[in-house]
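So the structure is just underneath, and the comments pick up after that.
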Amino acid sequence: MLDLSGVMFCDSAGLSVLLGAWRQADAGGAVLVLAGVSESLRQILEMTGVDRVMRGFDTVPEAAAVSGS
């Protein structure tokens, strides 16, 4: 789980980092979920299709409940 609650801005470099982390997790058989996803970040994830490979949750407890963290 990645806690993104402090992230106020995300550009293509940030998306690249998130996708790199997802690829590493996936290669190791893990599932990467995002916590603390702001509305603006959620819109970016949806526009770029990243939301199709990584689930985003509003809060850490929500993400933890799904991911088992």
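The values are calculated or read from the model by the stated rules, or taken from the named source; none is laboratory data. Small disclaimer: the values here were computed from a predicted structure and weren't measured. Neighbour counts are summed over all protein chains in view; Cβ atoms, including those assigned to glycine, are modelled from backbone coordinates with ideal geometry. In case anyone asks, the SASA skips ligands and DNA or RNA and just uses the protein heavy atoms, side chains included. Shrake-Rupley method; radii C 1.70, N 1.55, O 1.52, S 1.80 Å.
If I filter the stretch 37-52 for residues that are open to solvent by 80 Å² or more (accessible area, probe 1.4 Å), in a helix (DSSP H, G or I) and of a type in the set (S, T, N, Q), do I get at least one hit?
yes
Residues checked against (1) open to solvent by less than 60 Å² (accessible area, probe 1.4 Å); (2) under 19 Å from T59 (Cα atoms); (3) without any contact (Cβ under 8 Å) to a residue 24 or more places away in the chain:
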| residue | (1), (2), (3) |
| --- | --- |
| G6 | no, yes, no |
| V17 | no, no, yes |
| G20 | yes, no, yes |
| R23 | no, no, yes |
| V33 | yes, yes, no |
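Give the residue, chosen from V66, V53, that is closer than 16 Å to S16 by Cα and aliphatic (A, V, I, L, M).
V53
Could you list, in sequence order, the residues of the stretch 1-18 that are farther than 24 Å from A65 by Cβ and in a helix (DSSP H, G or I)?
Listed by number, the residues that qualify are S12, A13, G14, L15, S16, V17.
I'd like the residue in the stretch 53-69 that is farther than 24 Å from D11 by Cβ and part of a helix (DSSP H, G or I) and, out of all such residues, is least open to solvent (accessible area, probe 1.4 Å).
Per the criteria, the residue is A64.
Which one of these is touching a strand residue (DSSP E or B) at 6+ places or on another chain (Cβ under 9 Å) and on the phi > 0 side of the Ramachandran plot: G49, G29, G56, G36?
Of the residues listed, the single one that is touching a strand residue (DSSP E or B) at 6+ places or on another chain (Cβ under 9 Å) and on the phi > 0 side of the Ramachandran plot is G36.
Check off (1) crowded, with 16+ Cβ neighbours inside 10 Å; (2) free of Cβ contacts under 8 Å to residues at least 40 places away in the same chain for M1 and give me the number that stays unchecked.
Failed condition: (2).
Let's see how each residue does on (1) of a type in the set (S, T, N, Q); (2) modelled with pLDDT under 95; (3) touching a Ser or Thr at 6+ places or on another chain (Cβ under 8 Å):
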residue	(1), (2), (3)
V17	no, no, no
G20	no, no, no
Q24	yes, no, no
V31	no, yes, yes
M54	no, yes, no
A63	no, yes, yes
